[in-house]
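Everything below concerns the one structure shown next.
The values are calculated or read from the model by the stated rules, or taken from the named source; none is laboratory data. This is a predicted model, so every value here is computed, not measured. Counting neighbours? That spans all protein chains shown, and the Cβs are built from the backbone with ideal geometry, glycine included. Heavy atoms of the whole protein, side chains included, go into the accessibility calculation; ligands, DNA and RNA do not. Shrake-Rupley method; radii C 1.70, N 1.55, O 1.52, S 1.80 Å.
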Amino acid sequence: MPTIYIDGKPCQAELGQTIIEVADGINNGGKQIVDIPRFCYHPTLSIAGNCRMCLVEMGLPKKKKDGGFETDEHGRPLTQWMPKLTTACSTEICDGMHVRTHHTSESVAEAQKGVLEFILINHPLDCPICDQAGECPLQEITYTYGPEGSRFEFEKVHKPKRMAWGSKITFDAERCINCTRCVRFYDEYTQTHELEIVQRGWNNYPALAPSANLDQNPYAMNVIDLCPVGALTSADHRFKARVWEMSATDTISVQDARCSSIRLWVRDNRVMRITPRENPLVNGYYIADDDRLNYQWINDNRLDGPSLKVNQEQQTASWPEAIEAAAKSIKSYPPDNVFVLASARASLETNFMAKSLANDVIQTSHIGYVPHAKGTDDELLIRADKTPNAFGCNLLGIDPVSQEQLSQDVKSGKIKCVIIVEDDPHFCLSLDALSKLAALIVMAYTKSESTDNAKVVLPAATFAEQIGAYINFEGVMQLTRPAKALKYQNRELMKDMALSRLDKHATQFDAWSKDQHKIDAKPGWEILIELAKCLGKTYPYQTAREIFQTISEQYNALNGMDYKSIGKFGKKLQPAQEEQTLL
Amino acid sequence: MQTGFETYKPMILNGTPDLHQIEVYEAEGGYEDLKKALQIPRSELVESVKKSGLRGRGGAGFSTGMKWSFIGKDKPRYLIVNGDESEPGSFKDRQIFEFNPHLLIEGCLITAYALEIKTCYIYIRGEYAKWIRIVEDALADSRKKGLVGKTLPGSDFSVEIYVHKGAGAYICGEESALMNSIEGKRAYPRLKPPFPAVVGLWGKPTIINNVETITNIPLIVRLGAENYAKIGAPDHPGPMLYGLSGHINKPGIYELPSGMLISDLIYKIGGGIPDGKKLKAVIPGGSSMPILRADMIDGVTMNAESLKKAGTSIGTAGMIIMDEDTDIVEAVARLTHFYHHESCGQCTPCREGTGWIEMIYQKFLRDEAEPRDIDLLLSICKQMEMRTICALADGAAWPVRFSIERFREEYEKHCKKPESPGWNYKMRAVSGV
Ligand SMILES: Cc1cc2nc3c(=O)[nH]c(=O)nc-3n(C[C@H](O)[C@H](O)[C@H](O)COP(=O)(O)O)c2cc1C
Ligand code: SF4
Ligand code: SF4
């Protein structure tokens, strides 16, 4: 394996790799070897080399005429340093290459200062009102590598501001540093070519092609995260929260069967935005815009505390009352008339408890889930299956059941009582079936007309409020993490919760936190265990982790996994064992 | 220092009337060199171009034969003739388009044959509308004669030649930007390596040469490499199209052997400076090259070695002559405007530096500058030089750097007087923070 020397330190490298890749730790388990600042370079995009921020000094072993290497009097190979600084992002390594970064080279440090001074002369420096502030590479790199002031004393260039790039993105050309990441993203990742740089010199900026419509590009918003400054901001999140006010929780998206890795940003127990999280196993660096924008259902219109139907109207009830009522209702039907409708939207743990409730407690064989499919799979990330855990349901032996079939069985009187676990009654049952159904018990996230029909409504926690395992369509198991607190928080969950600066440092007198944003709901598995207890069977589980442990013991496909071994990128189930369990 | 220019007979711009017509060209022995070349093995042709010592006339002065020998194995390959000619002070390629387009076409055909290239693009800046028409007419004529686009006489090889019009940007003359431009992309220069000879137009091996360089190829075939190498300065041989512009009595393009004394060019060829004024400065080759003070040109000749010793470079041999009354700051200020306008804006230092420099020059022109602005200019130049994708940034920095190094007193003259109000005010404001 070739070796290169960065600031004198030997690093393993492979031919074809670039200096920046080696410095970023591509052969070091992703652990950075040395910091090299950059703006235009991005591992998923082609090399542009235009920001000139990653300049380093580079030298090669001095070659003799006969092909051998020149050495000094101690037999050490001599290095021929190149007269020009070179961009680390574009320079491929070769054996024996020497690299000097700003740590050891005056001229590199000076070049970095120079580039930053140039970038900033026409940058508006409106950080106090810029959404990017706090997570801005330009801010961070300037603080770390930049000059102390500016010698520029003229009026800055003026360019278009607040341009709407469709309804999802707002563009500020004055903040743009012309790194072309956004242009390259649409050229290379989505291959839709909506952007091109226009003008020349310092008047340059990326512009939308006259006929282009970014609203039709389902990945358009990724450029917001790619943009190393606040030139591209989310129309949805703009001016809603400062970065440091929010806590960031690493979790996964439940929009579709991809289960893209995301970060949930929460302030005062409300989700403020969603950004992608890098995951080579699942989604690479990007997410679909639906993954990013669809979070209002977590914040608003939530079921807050259980309710019972009394005289055709939902009336609030306490948890014990509601559970009691549900159990009583279930008991009043022969087991064969009861259907437990599990859900590909719920976690593996909740589905496992649903299955246990059906098979071991109620002792009915009627269990299934209704698949949600829409559109088609595309070549990038989006899946037609709009549920995150169909794979998990199948693995537990819960089979899909169609709305028609279930409605048919209700209408024919075969099924009289349905327990819906985290799904929408209107989606699972036709209207006439719903009206014919004797007892509907619903565990749901949001208020809707369809929950009004239920005998008992039990508010369930969303993925954003609990820990739980999901398996995507490719068999990659990942965990959701609690990002916002519930009203009666399980202390186990709190341990896993990320904290913002406000969470950590605000006092009780800083009126930023409102209790009304804490919802009275419980994780699905917890409700199911309470229900089971009322029906006469006690399960020993206090946490989702313990349920997972049991699943892991019972199903070979999980191969003895635990939460810890799932790790931050998730874990792919071994296909051979998968088949064994499914058989 | 052998010049012998008095007896030199021009071969490219030889003055024959209507030479752009194919009948006239053929009567003068045109396309004979092509026929001769087609009888020579390809490797021998490349070898003789190497031996001839021909250096590119597009600015960098790189050995043409050497460049050719780097061509990648992949096929198809392309030949591009660079006729973007946008550098202030350069207007020589235009003369070739106008007065001897067939020699250029012949050069293309020989080069293409030698390098097994079937497609050639002649890239001409769009403003050269008249000359584009002349070249297109000449191409049509030689097509009719069965040369372009047809199997070449006595061989099984055919070459297609296209004229591609630029849309008017200096940066399109940079070789890799030019390739992007032909491909229909924005003319951003590409990162090198890979070099065009390996990964060029459409990702294929591409040889790109200046118009004048290619026009020299038939001459090498005609004279033989040894005889060609004897013309002009040994390190930089061949006929050269010198451009004289600025304060000169007889501005124009003159074909003479390389290695001419700068002073001969000004006084013997160009007829001296109007009104008998004294010389103040010369930029020897297109505006990007370091400027020389009048007292620096003694014995300096127009070839790579001699100019290097004098602290400048030949560029395109388009000399800009400035008389004693020239305000150097004003002259360079005009150039800074050009580079600011023409920077493609891809690299940070060039995008921001060219504009900043121009603004500082405007301050000098308003006589509002302070001595520290001179050092600021030098510092900005240092931040631009050798740190960008293409050489435009260096070309933008050099006129500034070298005019300050060589004419600093002129800059000081434009500074405001120490006693004038506000002097040093800004400096305190900056350093006091
Ligand atoms: C900014 C810039 C502009 C250039 N413009 C021209 C031009 O107009 N014509 C030209 O022949 N070469 C131009 N060049 C040089 C070309 O990049 C290239 O070196 C040349 O065409 C090679 O031809 P030669 O080897 O025959 O000299 C330019 C270079 C730069 C950096
Ligand atoms: S908008 Fe952002 S990503 Fe696009 S070129 Fe400008 S700085 Fe780069
Ligand atoms: S040096 Fe200037 S002209 Fe050349 S690529 Fe960079 S920005 Fe463009």
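If I go through segment B:320-364 residue by residue, how many of them are within 14 Å of chain A (Cβ to nearest Cβ) and more than 30 Å from A:Met53 (Cα to Cα)?
Result for segment B:320-364: 1.
Which condition number in (1) assigned by TED's automatic domain parsing to the domain that holds B:Pro41; (2) in contact with a helix residue (DSSP H, G or I) (Cβ under 9 Å, 6 or more places away or on another chain) is the one that B:Gly203 fails?
Only one criterion in (1) assigned by TED's automatic domain parsing to the domain that holds B:Pro41; (2) in contact with a helix residue (DSSP H, G or I) (Cβ under 9 Å, 6 or more places away or on another chain) is unmet by B:Gly203, namely (2).
Among B:Glu324, B:Glu352, which is in contact with a Lys or Arg (Cβ under 9 Å, 6 or more places away or on another chain) and among the charged types (D, E, K, R)?
Selected residue: B:Glu324, the only one of B:Glu324, B:Glu352 that is in contact with a Lys or Arg (Cβ under 9 Å, 6 or more places away or on another chain) and among the charged types (D, E, K, R).
Run down B:Leu79, B:Leu103 and say which single residue is touching a Cys at 6+ places or on another chain (Cβ under 6 Å) and away from ligand 3 (no atom under 16 Å from the Cβ).
B:Leu79
Give segment B:1-26 a look and list any residue that's farther than 30 Å from B:Ser306 by Cβ, open to solvent by 90 Å² or more (accessible area, probe 1.4 Å) and not in a loop (DSSP other than H, G, I, E, B), or say none.
B:Glu23
Matching residues to (1) of a type in the set (Ser, Thr, Tyr); (2) not in a helix (DSSP H, G or I):
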| position | (1), (2) |
| --- | --- |
| B:Tyr162 | yes, yes |
| B:Leu191 | no, yes |
| B:Leu219 | no, no |
| B:His236 | no, yes |
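So which helices (runs of 4 or more DSSP H) stay within segment B:323-417 end to end and still have 2 or more residues that are within 16 Å of ligand 1 (Cβ to nearest atom)?
In segment B:323-417, B:328-342, B:348-365, B:392-413 are the helices (runs of 4 or more DSSP H) which contain 2 or more residues that are within 16 Å of ligand 1 (Cβ to nearest atom).
Which residues, counting only those in segment A:189-208, are more than 10 Å from ligand 2 (Cβ to nearest atom), in a loop (DSSP other than H, G, I, E, B) and either among the aliphatic types (A, V, I, L, M) or touching a helix residue (DSSP H, G or I) at 6+ places or on another chain (Cβ under 8 Å) (or both)?
A:Thr192, A:His193, A:Glu194, A:Arg200 - these are the residues of segment A:189-208 that are more than 10 Å from ligand 2 (Cβ to nearest atom), in a loop (DSSP other than H, G, I, E, B) and either among the aliphatic types (A, V, I, L, M) or touching a helix residue (DSSP H, G or I) at 6+ places or on another chain (Cβ under 8 Å) (or both).
Restricting to segment A:8-59, name every residue that is within 14 Å of chain B (Cβ to nearest Cβ), among the hydrophobic types (A, V, I, L, M, F, W, C) and open to solvent by 40 Å² or more (accessible area, probe 1.4 Å).
Within segment A:8-59, just A:Ile47 meets the criteria.
Inside segment B:46-81, can you point out the residues that are open to solvent by 10 Å² or more (accessible area, probe 1.4 Å), part of a helix (DSSP H, G or I) and not small (Gly, Ala, Ser)?
Answer for segment B:46-81, where residues must be open to solvent by 10 Å² or more (accessible area, probe 1.4 Å), part of a helix (DSSP H, G or I) and not small (Gly, Ala, Ser): B:Val46, B:Glu47, B:Lys50, B:Lys51, B:Met66, B:Lys67.
Can you name the residue in segment A:60-86 that is free of Cβ contacts under 8 Å to residues at least 12 places away in the same chain and facing another protein chain (nearest Cβ under 10 Å) and, of all such residues, is most open to solvent (accessible area, probe 1.4 Å)?
A:Pro83
Out of (1) open to solvent by less than 10 Å² (accessible area, probe 1.4 Å); (2) in a helix (DSSP H, G or I); (3) at positive phi, what's the single condition that is false for B:Gly315?
Evaluating B:Gly315 over (1) open to solvent by less than 10 Å² (accessible area, probe 1.4 Å); (2) in a helix (DSSP H, G or I); (3) at positive phi leaves (2) as the failure.
Tell me which helices (runs of 4 or more DSSP H) are completely within segment A:73-188 and hold 3 or more residues being within 16 Å of ligand 3 (Cβ to nearest atom), or say none if there are none.
Output list reads A:106-121.
Just the residues that are touching a helix residue (DSSP H, G or I) at 6+ places or on another chain (Cβ under 8 Å) and without any contact (Cβ under 8 Å) to a residue 12 or more places away in the chain, please, taken from segment A:534-559.
If the condition is that a residue be touching a helix residue (DSSP H, G or I) at 6+ places or on another chain (Cβ under 8 Å) and without any contact (Cβ under 8 Å) to a residue 12 or more places away in the chain, then A:Thr538, A:Pro540, A:Ser552 are the ones that fit.
Answer yes or no as to whether B:Leu104 is assigned to a helix (DSSP H, G or I), in contact with a helix residue (DSSP H, G or I) (Cβ under 6 Å, 6 or more places away or on another chain) and more than 16 Å from ligand 1 (Cβ to nearest atom).
No: the conditions fail for B:Leu104.
Each row is one residue, and each column tells you yes or no for (1) assigned to a loop (DSSP other than H, G, I, E, B); (2) of a type in the set (A, V, I, L, M); (3) more than 25 Å from B:Ile161 (Cβ to Cβ).
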residue	(1), (2), (3)
B:Trp202	no, no, no
B:Asn227	no, no, yes
B:Ile231	yes, yes, yes
B:Gly243	no, no, yes
B:Ile248	yes, yes, yes
B:Leu265	no, yes, yes
B:Ser287	yes, no, yes
